[in-house]
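No lab work stands behind these numbers, since they all come straight from the coordinates. All figures in this text were calculated on a predicted structure; none of them were measured in a lab. Please note: Cβ atoms are built from the backbone with ideal geometry, for glycine as well, and neighbour counts cover all protein chains shown.
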Amino acid sequence: MNMTSPPPTIADSENKTCSPEKGEGIIIFAIFTVLFCVLGMLGNGLVIWLLGSSVKRNTFAIYIINLSVADFGFLTFELIIEIHWFFTHLYCDFPYELFQTGLLLMYSTGQFLLTIISIDRCVSVLFPIWYRCHRPAHLFTSVCAAIWAICFILSLVYFTIASFHKYELKHSLKYQFIVNAVLCLPLMTISSVVLFVKIYFLSKIQRRRKLLTAVLLTLFFFLVLAFPLNAFYFILYVFKNIHPNLLYYGYLCTCINSSINPLIYYLVGRQKGKTQRNIKDLLQKVFKEEENSSDQMETSEGSKI
């Protein structure tokens, strides 16, 4: 495909103008992005509705609900940005930068939530008795609230900086992507590897296999599809040059990642050879394993001592 260069407010530090972005490649990119945004919003909305109305608020499912909210928000802002482009052919200037700030708020929140989810599962598998006895009653709610607050404050700071530079986010975006990459990637990768080795090679416990499989798949697809957007921006800001297609594909792949999580939960919750009653039962089967298996896991680990 023949695509034009990235938006001037991001890719060209010397260009002070906001020129229209047109071309066949961008049109194809926008159409596919809108398609995945709509599908992803439906899927994540369904997850939020079903889990929010059926799972107790003090369970691990609170993490998944918040992750789905972040994915839903990301897809919503991306859809608004693409609709804005269809009418203006601009990926720059106000109000684009406002929509972009909201999108990056959701993107960063999703990364931090997945990082905390991976660490939480890693600790619960490596130290099950300690985790069960010392976990605060409102841990999930408190952690999610803290992540949303921190990401909102950071995004507000970035947008304020951008507003002083005539809404050119290039002056502040690099800090957000550097923070995401430095904090999230090492923790998420190490926790994922530890979880995979512990569950599939060292542990004989099967009770939480569905839950941990869903978490591992979600982490894997995020690292493959969504996290490269951080790397693309890092390359852009360090080397001042990047292939013009990469940022477009980076956003498209991130939309695919945000849309695929509900499908992961559905496929993991299915049982071969059995007829499932409805999607609500499948989600409960995956995320209520946390409640049903903790006591058994604790007893099993204790009997080895």
Next item on the list: Could you tell me the largest-minus-smallest coordinate of the C-alpha atoms of the range 78-161 on each of the three principal axes, in descending order and whole angstroms?
Entry: 57, 23, 17
Check: Any idea what Rg and Dmax come out to for the range 57-125 if you just take the C-alpha atoms, in Å?
Finding: 15.5, 51
Check: Simple spin-label model, 7 Å along Cα-to-Cβ: Leu183 to Leu267 in nm?
Finding: 3.1 nm
Margin query: Below 8 Å between Cα atoms, with a sequence gap of 6+, how large is the relative contact order for the range 224-272 in percent?
Written below: 44 percent
Notebook entry, point to check: Gain in length, Leu35 to Ser142, computed as 0.36 nm per residue apart minus the alpha-carbon separation, to one decimal in nm?
Noted result: 35.1 nm
Item checked: Whole-Hz couplings from phi, Karplus 6.51/-1.76/1.60, listed for the range 141-155; x for Gly and Pro -> 5, 5, 5, 4, 4, 5, 5, 4, 5, 5, 5, 5, 5, 4, 5
Next item on the list: Please list 252-259, 33-40 highest first by mean number of surrounding beta-carbon atoms within 10 Å per residue.
Entry: 252-259, 33-40
Notebook entry, point to check: Residue-wise, which Karplus ³J(HN,Hα) couplings in Hz belong to the range 185-196, taking 6.51 cos²θ - 1.76 cosθ + 1.60, θ = phi - 60°, and x for glycine or proline?
Noted result: 4, x, 5, 5, 5, 4, 5, 5, 5, 4, 4, 4
